[in-house]
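What follows is a single structure, written as structure tokens, with notes after it.
The values are calculated or read from the model by the stated rules, or taken from the named source; none is laboratory data. Keep in mind the model is a prediction, meaning the values are calculated, not measured. All Cβ positions, glycine included, derive from the backbone under ideal geometry; neighbour counts span all protein chains shown.
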Protein chains: 4
Amino acid sequence: MSEKIRVGVLGATGMVGQKFVSFLRDHPWFDLTWLGASDRSAGKPYREAASWRLGGVTPPHARDLMVHECKPSDDAPRLVFSAMDASVATEIERAFAQAGHIVVSNSRNHRMDDDVPLLVPEINADHLRLIPEQQKKRGWKGQIVTNPNCSTIVLVMALAPLKQFGIRRVMVTTMQAISGAGYPGVASMDINANVIPFIGGEEDKMERETQKILGDFLNHRVEPLAARVSAQCNRVPVVDGHTLCVSVEFENKPSESEIIGALRGWQGLPQRKGLPSAPPCPVIYMEEPDRPQPRRDVERENGMAVFIGRLRPCPVFDYKFVALGHNTVRGAAGAAVLNAELMHSEGWLAR
Amino acid sequence: MSEKIRVGVLGATGMVGQKFVSFLRDHPWFDLTWLGASDRSAGKPYREAASWRLGGVTPPHARDLMVHECKPSDDAPRLVFSAMDASVATEIERAFAQAGHIVVSNSRNHRMDDDVPLLVPEINADHLRLIPEQQKKRGWKGQIVTNPNCSTIVLVMALAPLKQFGIRRVMVTTMQAISGAGYPGVASMDINANVIPFIGGEEDKMERETQKILGDFLNHRVEPLAARVSAQCNRVPVVDGHTLCVSVEFENKPSESEIIGALRGWQGLPQRKGLPSAPPCPVIYMEEPDRPQPRRDVERENGMAVFIGRLRPCPVFDYKFVALGHNTVRGAAGAAVLNAELMHSEGWLAR
Amino acid sequence: MSEKIRVGVLGATGMVGQKFVSFLRDHPWFDLTWLGASDRSAGKPYREAASWRLGGVTPPHARDLMVHECKPSDDAPRLVFSAMDASVATEIERAFAQAGHIVVSNSRNHRMDDDVPLLVPEINADHLRLIPEQQKKRGWKGQIVTNPNCSTIVLVMALAPLKQFGIRRVMVTTMQAISGAGYPGVASMDINANVIPFIGGEEDKMERETQKILGDFLNHRVEPLAARVSAQCNRVPVVDGHTLCVSVEFENKPSESEIIGALRGWQGLPQRKGLPSAPPCPVIYMEEPDRPQPRRDVERENGMAVFIGRLRPCPVFDYKFVALGHNTVRGAAGAAVLNAELMHSEGWLAR
Amino acid sequence: MSEKIRVGVLGATGMVGQKFVSFLRDHPWFDLTWLGASDRSAGKPYREAASWRLGGVTPPHARDLMVHECKPSDDAPRLVFSAMDASVATEIERAFAQAGHIVVSNSRNHRMDDDVPLLVPEINADHLRLIPEQQKKRGWKGQIVTNPNCSTIVLVMALAPLKQFGIRRVMVTTMQAISGAGYPGVASMDINANVIPFIGGEEDKMERETQKILGDFLNHRVEPLAARVSAQCNRVPVVDGHTLCVSVEFENKPSESEIIGALRGWQGLPQRKGLPSAPPCPVIYMEEPDRPQPRRDVERENGMAVFIGRLRPCPVFDYKFVALGHNTVRGAAGAAVLNAELMHSEGWLAR
């Protein structure tokens, strides 16, 4: 226990912050010792500061932790996860990085900065090589590393194994869970028995983040993938799990069995290194004709795998398929924790 | 009252049959006098034969009608609407047409027959000219005319006004209401707080019916539109209303304002003739950033218009947008009734 | 048109305010000419001030009305409906009444004041005789009249016809729709596929308002009904319609047929006078074993009737049954408009 | 592994059967080796016979088990759990008991038989003493032991700790999850955004089973509790978890703290014996003002505890409160498995 790495969470009282708290329970490497939130919460024990919105009640390992202001301090652990709202994340994350903290962030603010890794450990571990550039350019001892948007991650986990066939064009429509909007998030009067065909900023994020994540690290920078991506994003009355309908056009059209083989055989560094939060198979292909489904599949593999099904020819592009991922686990807290695990195992936390 | 045209409904006890009964209430031209259903229901008054699944209770104009077997007879009106299940529709509809009945059908069975009009009155009234071919070829005094699948209709109502720009490729993902599956239809254990990314046969229907509906009547036959269409169909926990996310590539790319102008200015024969069930504007373009939405928009215009919104450039094709239509009204009972109104006003019911 | 009574709505931009706007469309007696809301909205046209949350879009009769501050003025009509939030209603309603306005309020603030009628036109029209007391005591030229809480109304409409049998004890559990909580109201993360067994203040309102409404006007005051009432209130994922499970103990236990007869035969002043918003039968008893149901029955009778079903013996009290009413129509806007119709027809608006 | 007790499941392909299969995975005492279902399924491997309706996919320990007909045979283990549909359970369970099997049944058919224990291990372990009566009377070497209906169990777990205060009258209204109706069960067209105020036979079951379970074993029979119970049962759009609103009148009215103390301090034989499926605390009292809630609490404690909250005075009886339990775990499969664990630990399996 004494050898665990102390970690903190910035924005610990929000929905994603609560998911971090929950996900870090009994983590074999990380010990959650510090929680940061708004001034309003600072000074209160977490059980009072955070109205627990997830299943059950405030977990025992965090109940009695005192909540701090989100300011760098000697108390705060070197490694902090950021679940901060985009309205405040830019400045606070910078302040922590400048003060020498390693900020592993789920916030969108710095994702598209040229010198910030938008990391998916199975896909682009080499993008971590942006960190020295970032530290040099900004004069920071610390650093910021980000994970993708909760719908982007599902798309890139499905596309990465297929990159070998030359991804040319991607059309994706999402059906996204309400938990993706935080708390109170989507009003029940808006989404009960309804579809909202709009999520502010989401489509642009999916289109651009995908290109960056699948891009190559060349000459100290990330060269975005040249593929064209178009996204249509919808909110549906589902609690957890974003479902995507994807059509892809390849440069070298593979066979269906080549695609399924590529998906099923895909392994990344987290799997090879056996990182604690890594799912044994990052992508699971399902043969059932009507799967994956969010309510039935999203909690499998601890929420860290992406589920794919219904691969079939597309009359317009080459293939179409359905993909599903857990938006608050693989799409948020779990993604950041896996990022930190990779960074630790690769020695980046020591820099 | 005495001058109204007597009409019947085949398959009157199912969900679509009930929607026909409901939609025909107080119809200015048609008088619902005859109901057909399975042997099990025959001989019972409708109030007993049909367990009413729509809002309220069995409407008074149908409560006491006696239910008949679905067999042609002198009792049955010449004009019959068919809401029959696909498992029995092929033979029964043929029998009625052969016996001289005009069968205006919502069933899928004959939609793709070469000599059967797949009619949308605003779009392809000239396809009715298949009827003489049909009667000659089959030796029928009667006829079968069909309306499209409940998700196809939303797509073609959105595309027809844009046909002038040369539709080359269409990518569509649907989020379909549970009422589209009839009763009992989708189990609540399957769809509550869930998405089912599969609807049997639906994608193929959307892809092929769209080409036929938008095709040209040439040389006594319908030449399908050459555009390529790819559909991904999903069930979502919405009661009524299919929502579609559409991307389109044109031969002659119009401007956004040309598209909106085309959608808003679109009028068909039903509007020009003032048919009783015709919406004043068959397509309504909404400016709100998050509309149309099924629960909020589907009942407007008596369920007979298609609502479109969110027109914006598509990074892969030319434009993308959202479309919504009422699956059991414009996508089923209302569509067939409008078909019959057009046929009456054009003189086809007299043939 | 010129002879219609001009009316206004205080708190016009909220959910209940929107329901007032919607309900007053094409009203035969009242002409909506004035809308009041917070300072933030004042000076804007209604279409901009109010983000329309009901079905469809901002209705044409209100789109271009300018929104005013909620202050008494010569511009404001004498008759104003109040849909104000409880946090501000006390003072503003008083100010309007003091300035000579007739405030027909849906807000809870003054409901239990001794000198304020808590009016249900079918039940206690004589409670309007509190108004002279109110005006005398408070020195007002205007007046305040209130309607019950959205769940209370369903209960009292069911109990009033049975008062003749001597209501001794009432146990009621509610399953309330999300629209009862306004907008944004209940977060979807709280209610999606869930039950919330708590609605702040609701149980106390049901228990006390019921006694006042069913009380007798004696000696210039209302003597509450002596019956004991216990309520348990729950929120369920339903859009509109509060469903109540009720058990009642009587002093003189009637037979089942006497109860059904009392419910079905019940008529009040609104029915006898043919008030525009009065349902022909204020209570509708349904024989079906599984009715009433909110989604199927709540919109019937324009939302103004209460539906009752499942009358059966109660092993603990005498009888139990299910009741349903439309919480934003009969439980809010429609209730207040019917109150004003009664007041007009009884001459109270002229005082 | 070799020392585990072999067990089977009758009716293994239905929803409750699947829950048994799922619940028995990795059970420390029982080894699932035999699955029985209808003739249609017999002879197929379970993965083909059962369309898996729970989360994830058919679990590995059952995938390849062959499905048998539900007939007693030497192959079938002595201990069988019954998840059979009520339409067939009576005869089949009798046949197994007659052939010497111990039938631990979730079916309702034999629950109210005078000589059949309706067992809740925390409450009435002594009712197992009916077994010798049953065997003698029926001439069986085997036996039938049952667990309560899925809503009854929640009520009796809440009442048992309070029995000491003399339960006189109980009023309960339920809000029951869709999983309680099996598969396909409730049609989504019936329950989506709706409440169904009727569940066939449920109210009678709750009223009578409660009296039997809380009754005393005297003179070789169970003397039902004299308390009067009235139930109103509703279906709501929740996946798992029945929520109950309860009002109770006592002979010796306790204080609130006495009640909470009784609930929290309650322990039964399963806790004292540390049975594998026993929750450490069978009843958990929650202080939060709006809990328990099905979606947030039902999966806690492995679904085996009952959650209670909102204890407060009742203006009609003494107290009212809210109770929640997992209908397919503590209300079905988990209940039966705990019954079998108790029977094993008490030596009844050896008889």
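Every listed requirement among (1) of a type outside the set (Lys, Arg); (2) crowded, with 21+ Cβ neighbours inside 10 Å; (3) farther than 23 Å from B:Ala335 by Cα is met by B:Ala62 save one, (3). Residues in the stretch A:63-98 that are closer than 21 Å to A:Arg138 by Cα and of a type in the set (S, T, N, Q) were compared, and the one that is nearest to the chain's Cα centre (by Cα) is A:Ser82.
Every residue, every condition in (1) among the small types (Gly, Ala, Ser); (2) in contact with a Lys or Arg (Cβ under 8 Å, 6 or more places away or on another chain); (3) within 11 Å of chain C (Cβ to nearest Cβ), yes or no:
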residue: D:Asn219; (1), (2), (3): no, no, no
residue: D:Val222; (1), (2), (3): no, yes, no
residue: D:Leu225; (1), (2), (3): no, yes, no
residue: D:Ser230; (1), (2), (3): yes, yes, yes
residue: D:Pro237; (1), (2), (3): no, no, yes
residue: D:Gly241; (1), (2), (3): yes, yes, yes
residue: D:Ser255; (1), (2), (3): yes, no, no
residue: D:Gly261; (1), (2), (3): yes, no, no
residue: D:Arg272; (1), (2), (3): no, no, no
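Going residue by residue through the stretch B:219-232, is there one that turns out to be assigned to a strand (DSSP E or B), polar (S, T, N, Q), over 18 Å from B:Met15 (Cβ atoms) and under 21 Å from the mean Cα position of the chain (by Cα)? Yes, there is a match, as at least one residue in the stretch B:219-232 is assigned to a strand (DSSP E or B), polar (S, T, N, Q), over 18 Å from B:Met15 (Cβ atoms) and under 21 Å from the mean Cα position of the chain (by Cα). When B:Arg208 is tested against the conditions (1) within 13 Å of chain A (Cβ to nearest Cβ); (2) buried (at least 21 other Cβ atoms within 10 Å of the Cβ), the lone failure is (2).
Residues in the stretch D:103-128 that are crowded, with 16+ Cβ neighbours inside 10 Å and in contact with a Phe, Trp or Tyr (Cβ under 8 Å, 6 or more places away or on another chain): D:Val103, D:Val104, D:Ser105, D:Asn106, D:Glu122, D:Asn124, D:His127, D:Leu128. Considered as a group, the residues in the stretch B:295-331 that are of a type in the set (Lys, Arg) and within 15 Å of B:Pro254 (Cα to Cα) include one that is nearest to the other protein chains (Cβ to nearest Cβ), and that residue is B:Lys320.
Number of residues in the stretch A:154-189 that are in contact with an Asp or Glu (Cβ under 9 Å, 6 or more places away or on another chain), touching a residue at least 40 places away in the same chain (Cβ under 8 Å) and within 26 Å of A:Trp52 (Cα to Cα) equals 7.
Considering only residues that are out of contact with any strand residue (DSSP E or B) (no Cβ under 7 Å at 6 or more places or on another chain) and either farther than 18 Å from A:Gly303 by Cα or crowded, with 19+ Cβ neighbours inside 10 Å (or both), which ones fall in the stretch A:10-42? Residues satisfying the conditions are A:Gly14, A:Met15, A:Val16, A:Gln18, A:Lys19, A:Ser22, A:Phe23, A:Ser38, A:Arg40.
D:Thr243 passes every criterion in (1) under 30 Å from C:Ser188 (Cα atoms); (2) of a type in the set (Val, Ile, Thr); (3) out of contact with any helix residue (DSSP H, G or I) (no Cβ under 8 Å at 6 or more places or on another chain) apart from (3).
Regarding D:Ala125, is this residue more than 29 Å from D:Arg272 (Cβ to Cβ), aliphatic (A, V, I, L, M) and at pLDDT 95 or above? No: the conditions fail for D:Ala125. Output the residues belonging to the stretch B:187-228 that are of a type in the set (A, V, I, L, M) and under 22 Å from B:Asn109 (Cβ atoms). Correct list: B:Ile199, B:Met206, B:Ile213, B:Leu214, B:Val222.
The residues of the stretch A:228-240 that are touching a helix residue (DSSP H, G or I) at 6+ places or on another chain (Cβ under 8 Å) and not hydroxyl-bearing (Ser, Thr, Tyr), listed by number, are A:Val229, A:Ala231, A:Gln232, A:Cys233, A:Arg235, A:Val236, A:Pro237, A:Val238, A:Val239, A:Asp240. Scanning the stretch C:34-59 for residues that are within 22 Å of the chain's Cα centre (by Cα) and assigned to a strand (DSSP E or B) yields C:Trp34, C:Leu35, C:Gly36, C:Ala37.
Please work out if B:Pro132 is under 30 Å from B:Glu249 (Cα atoms), modelled with pLDDT of 95 or more and not hydrophobic (A, V, I, L, M, F, W, C). No, not satisfied.
Within the stretch B:197-218, the set of residues being of a type in the set (A, V, I, L, M, F, W, C) and in a loop (DSSP other than H, G, I, E, B) comprises B:Phe198, B:Ile199, B:Leu214.
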